[in-house]
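Trainee: If you scroll down you'll find the structure; I have some questions about it.
The values are calculated or read from the model by the stated rules, or taken from the named source; none is laboratory data. Owing to the predicted nature of the structure, the values given are computational and were not obtained by experimental measurement. Here the Cβ is made from the backbone with ideal geometry for all residues, glycine too, and neighbour counts use every protein chain on show. Only protein heavy atoms, including side chains, enter the accessible area calculation; ligands, DNA and RNA are left aside. Shrake-Rupley method; radii C 1.70, N 1.55, O 1.52, S 1.80 Å.
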Amino acid sequence: DGVAEGRGLKCKLCIKAMKKVQDLAGENPDEDKVTAALHKGCQVLGRAMGRLCQRLVNKYLGQITEELQDGDTPRDICTAIGVCRS
């Protein structure tokens, strides 16, 4: 169904963005590094996806930061914020 497909695409994009953010933030990232990486990660997605990414970042910044610092996988993070299904 269309809803699942849309969710699948968003999920894939979220995972891709979180992988990029993990790479940019490096090992043992602090909150500032994660924030900078998230903003940079959203910028590389282009204008439309970048805006969507930015909205997610603004809404879930604390949670994303915490999970990245805990070493969670990109998929776990995207599932936790409700973009992917578990």
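Trainee: Tell me, what % of the accessible area of the chain is carbon and sulfur with a 1.4 angstrom probe?
Mentor: Taking all protein chains in place, the chain shows 49 percent carbon and sulfur surface.
Trainee: While we're here: Could you give the accessible area per residue of the chain, probe 1.4 Å, as a whole number in Å²?
Mentor: Ligands and nucleic acids excluded, the result is 64 Å² per residue.
Trainee: Please give every one of the aspartates and glutamates within straight-line cross-link reach of K16, meaning a C-alpha to C-alpha distance under 15 Å, and leave out same-chain neighbours fewer than 8 residues apart.
Mentor: D72, D76
Trainee: What trypsin sites (Lys or Arg not before Pro) in the chain are in a loop by DSSP, with at most 13 other Cβ atoms within 10 Å of the Cβ?
Mentor: In loop regions of the chain (DSSP not H, G, I, E or B), the sparsely surrounded trypsin sites (Lys or Arg not before Pro) are R85.
Trainee: Helix 2-25: angle to the longest alpha-carbon principal axis of the chain, degrees 0 to 90, nearest 10?
Mentor: Long axis of 2-25 versus the principal axis of the chain: about 10 degrees.
Trainee: Here is a follow-up. Could you give me D for the chain, from Stokes-Einstein at 37 °C and 0.692 mPa s, where the hydrodynamic radius is the Kirkwood radius over C-alpha pairs? Units µm² s⁻¹, please.
Mentor: Answer, rounded: 260 µm²/s.
Trainee: What angle, in degrees between 0 and 90 and rounded to the nearest 10, separates the Cα long axis of helix 47-69 from the longest principal axis of the Cα atoms of the chain?
Mentor: Between the helix axis and the principal axis of the chain, the angle is about 50 degrees.
Trainee: Helix 31-43 versus the longest principal axis of the chain: what is the Cα-based angle in degrees, 0 to 90, to the nearest 10?
Mentor: So the inclination is approximately 40 degrees.
Trainee: For the chain, what is the calculated [θ] at 222 nm in deg cm²/dmol (nearest 500), taking -39500 (n - 2.57) for each run of four or more DSSP H residues and dividing by its residue count?
Mentor: -26000 deg cm²/dmol
Trainee: Could you go through region 72-86 in sequence order and give the Karplus-derived ³J(HN,Hα) for each residue, using 6.51 cos²θ - 1.76 cosθ + 1.60 with θ = phi - 60°, rounded to whole Hz, and x for Gly and Pro?
Mentor: Whole-Hz 3J(HN,Hα) from phi for region 72-86: 5, 6, x, 5, 4, 5, 5, 5, 4, 8, x, 7, 10, 8, 6.
Trainee: Could you tally the net charge around K19, taking each other residue with its Cβ under 14 Å from the Cβ of K19, Lys/Arg +1 and Asp/Glu -1?
Mentor: Result for the neighbourhood of K19: +1.
Trainee: Using a Gaussian network model of the chain with C-alpha springs under 10 Å, which one of A25, A36, A48 is most mobile by mean-square fluctuation?
Mentor: Of the options given, A48 has the highest mean-square fluctuation.
Trainee: Mind giving me the FRET efficiency for A36 and R85? R0 is 30 Å, r the Cβ-Cβ distance, nearest 0.05 is fine.
Mentor: Efficiency computed from Cβ-Cβ geometry: 0.55.
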